[in-house]
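Working notes, structure below.
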Amino acid sequence: MRILLADDHDLVRETLAAFLLAEGFAEVRTVGDLPAALLELAGQTRFDMVLLDYQMPGMNGLEGLLKAKEVVRVAAKKTPVAIISGTTNRELAEAALAAGAAGFVPKTLASRAMVAAIQAMASGEVFAPLSLLMQDTPVAEVLAALTKREVDVLRGICEGKSNKEIARDLDLQEVTVKLHVKTLSRKLGAKNRTHAAMIARDAGMS
């Protein structure tokens, strides 16, 4: 897999490039600003993934993303272009995705998670950390989006039941309940099942 990494911070650029190469990526070409990235995109090399630093010279917010996508389009390539950023908030992530970014990758993302994200985006998926997209999302909205089974499991947690008891009540395998609990904790931004129950109760679930 060939990656084009554009970031004006030498240490970040070199560290990330070295890590990706160590993880088996065939090539990681690096540049320090948007104009250099656009030249690379217009060249002969077909990159599998492009990572643009949100705050590097030439970006001017998300205008740089749009310019990069236009160069890719004119060159008749289908290279996904993603934003990497040290500035992370829900509004910026949503704006980047709405502008057509293949993903929004915080620089604070764990190394292994970043590799998985790059691989996913290169294969056509759209990536952004769920925890970031859920920032400031009203809990009521999160609860309303849960499946019926997730609601049943969450209600059991709120009632203080163990996974085994919930599994028996819902006629499920205990391992299935454990997976639901893990998913619920992630969706609610909870640290554990007890925290998930507290969040749900505070939102009015009994």
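The values are calculated or read from the model by the stated rules, or taken from the named source; none is laboratory data. Since this is a predicted model, take the numbers as computed values, not measurements. Glycine gets a Cβ as well: all are built from the backbone with ideal geometry, and neighbour counts include every protein chain shown.
Here is how the numbers come out for the structure above:
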item	result
Of all residues in the range 13-61 being over 22 Å from the mean Cα position of the chain (by Cα) and among the basic types (K, R), the one that is surrounded by the fewest Cβ atoms within 10 Å (Cβ to Cβ)	R46
Any hit, the range 122-135, residues being over 26 Å from E91 (Cβ atoms) and among the β-branched types (V, I, T)	no
Yes/no for L97 being assigned by TED's automatic domain parsing to the domain that holds L16 and surrounded by 19 or more Cβ atoms within 10 Å (Cβ to Cβ)	no
Qualifying residue in the range 122-134 (condition: touching a helix residue (DSSP H, G or I) at 6+ places or on another chain (Cβ under 8 Å) and over 30 Å from V28 (Cβ atoms))	yes
Any hit, the range 144-164, residues being basic (K, R) and in the same structural domain as A18 (by TED's automatic domain parsing)	no
From the options E174, E150, residue that is over 29 Å from K107 (Cα atoms), without any contact (Cβ under 8 Å) to a residue 60 or more places away in the chain, over 25 Å from the mean Cα position of the chain (by Cα) and surrounded by 13 or more Cβ atoms within 10 Å (Cβ to Cβ)	E174
Pair list, Cβ < 7 Å and 6+ apart or interchain, from the range 51-78 residues that are more than 19 Å from P106 (Cα to Cα) to residues that are among the hydroxyl-bearing types (S, T, Y) and crowded, with 20+ Cβ neighbours inside 10 Å	V72/T79
Some residue of the range 131-147 being β-branched (V, I, T), surrounded by fewer than 16 Cβ atoms within 10 Å (Cβ to Cβ), free of Cβ contacts under 8 Å to residues at least 12 places away in the same chain and within 30 Å of A197 (Cα to Cα)	yes
Within the range 145-175, tally of residues that are in a helix (DSSP H, G or I) and either touching a Leu at 6+ places or on another chain (Cβ under 6 Å) or of a type in the set (D, E) (or both)	6
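Conditions (1) assigned to a loop (DSSP other than H, G, I, E, B); (2) modelled with pLDDT under 90; (3) farther than 14 Å from V50 by Cα, marked per residue:
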{"site": "E91", "(1), (2), (3)": "no, yes, yes"}
{"site": "E94", "(1), (2), (3)": "no, yes, yes"}
{"site": "A101", "(1), (2), (3)": "yes, no, no"}
{"site": "F104", "(1), (2), (3)": "no, no, no"}
{"site": "T108", "(1), (2), (3)": "yes, yes, yes"}
{"site": "A113", "(1), (2), (3)": "no, yes, yes"}
{"site": "A117", "(1), (2), (3)": "no, no, no"}
{"site": "M121", "(1), (2), (3)": "no, no, no"}
